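Just so it is clear, none of the values below were taken in a lab; they were calculated from the coordinates. Since this is a predicted model, take the numbers as computed values, not measurements. Cβ: placed from backbone, ideal geometry, glycine included. Neighbour counts: every protein chain shown.
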Amino acid sequence: MEMHIKDRLDEIRKQALADIHSSDKLETLNDIKVKYLGKKGALTAVLKSMKDVAQEERPKVGQLVNDARVAIEELLERTRREIQAREREAKLAAEVIDVTLPAKKNKVGHRHPNTIALEEVERIFVGMGYEVVEGPEVEYDYYNFEALNIPANHPAKDEQDTFYITGDILLRTQTSSVQVRVMEQEKLPIRMIAPGRVFRSDEVDATHSPSFHQIEGLVIDKNITFADLKGTLAEFARQLFGEQTRVKFRPHHFPFTEPSAEVDVSCFKCGGTGCRFCKGSGWIEILGCGMVHPRVLKMSGIDPDKYSGFAFGVGLERIALLKYEIDDMRLLYENDDRFLKQF
């Protein structure tokens with residue numbers, strides 16, 4: 001293992017715990033959380049540096065990062081409750097309460113179900129040694145379509161499906177564009193996931209939205225086979241939905257993978273016997289996947305005779321709807337406290 005990363009994690013963990021122990025205000029705790037766990041925090045910086053870690057060491061480093069995050073989050077929450085309790089006691093001691101006055105309700109914010117689902121997915125794949133990568137939401141046609149083996153006359157490029165800004169610039173319809181950028185710029189092998197917001201010209205209803213989120217995954221290395229893809233997704237499904245979860249692959253077609261498949265998971269409500277949740281089939285469709293098309297590898301400067309890989313993509317809202325048994329996607333975006341506080 002890269003010792004400097006391990007030492008850095010130990011230092012970050014010790015410093016974070018020391019900062020929390022010395023904190024006596026909620027505002028200070030929030031600053032500490034941003035400093036270590038935020039998008040530009042110390043732990044996030046370590047995750048971004050995992051591309052420099054040897055492939056076989058990435059799962060160990062990913063687990064160390066997860067352990068540090070959990071320790072910091074638990075102490076933050078415990079300290080927050082202690083500070084709130086002290087402040088409440090001090091307030092009660094200092095104030096005279098008129099019990100005839102109407103009570104005041106304090107509204108407390110909640111993590112969004114999308115955020116909860118995304119953090120769980122990221123932890124699963126980081127634990128497998130994957131790197132979390134982000135990319136631009138305003139994208140070139142080349143990265144969004146052409147480099148993914150989607151030619152100019154492909155139906156997916158129709159303006160009714162895509163928000164075009166100019167003839168060559170658009171709002172990305174998939175986070176696969178991030179995969180192309182990584183293949184062009186990063187050293188092999190590649191193990192990454194690319195979560196992010198995407199845009200398509202869809203009508204708003206219970207299962208569609210013009211703006212939603214995807215999580216795309218990519219692995220490129222020597223001797224990667226469909227068996228690697230199947231094993232990875234089977235483990236992902238077990239960690240996400242439960243140890244008894246089974247997966248089923250059905251042949252499908254995607255321009256950027258060959259062969260391609262859609263993946264179903266056994267219904268985690270009825271165990272596969274059939275119920276209302278799975279519409280009596282015992283299976284629930286969850287994602288699409290396949291082996292990276294040799295033409296896609298070649299366009300990104302990778303020799304398809306030496307390297308192979310697999311890719312997969314899942315909708316974040318799809319996971320949240322399934323995992324938390326939400327019937328209508330629109331509930332995720334209406335900011336109704338009565339709904340959000342359930343999570």
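Overview of results
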item	result
Flag for V96 being aliphatic (A, V, I, L, M) and either touching a residue at least 12 places away in the same chain (Cβ under 8 Å) or assigned to a helix (DSSP H, G or I) (or both)	no
Some residue of the stretch 182-190 being without any contact (Cβ under 8 Å) to a residue 24 or more places away in the chain and β-branched (V, I, T)	no
Cross-chain or 6+ apart pairs with Cβ under 8 Å, the stretch 115-139 first and crowded, with 19+ Cβ neighbours inside 10 Å, then part of a loop (DSSP other than H, G, I, E, B) and of a type in the set (K, R)	E139/R172
Output for the stretch 155-208, where each listed residue is hydrophobic (A, V, I, L, M, F, W, C) and surrounded by fewer than 18 Cβ atoms within 10 Å (Cβ to Cβ)	A156, F163, I165, I169, L188, V204, A206
Any chance G280 is without any contact (Cβ under 8 Å) to a residue 24 or more places away in the chain and more than 27 Å from L188 (Cβ to Cβ)	yes
Q214 being without any contact (Cβ under 8 Å) to a residue 24 or more places away in the chain, under 30 Å from Y307 (Cβ atoms) and surrounded by fewer than 23 Cβ atoms within 10 Å (Cβ to Cβ)	no
Where K298 falls short, out of the listed (1) touching a residue at least 60 places away in the same chain (Cβ under 8 Å); (2) among the basic types (K, R); (3) loosely packed, with under 15 Cβ neighbours inside 10 Å	(1)
Filter result (of a type in the set (D, E, K, R), part of a helix (DSSP H, G or I) and under 15 Å from R80 (Cβ atoms)) within the stretch 1-43	D19, E27, D31, K33
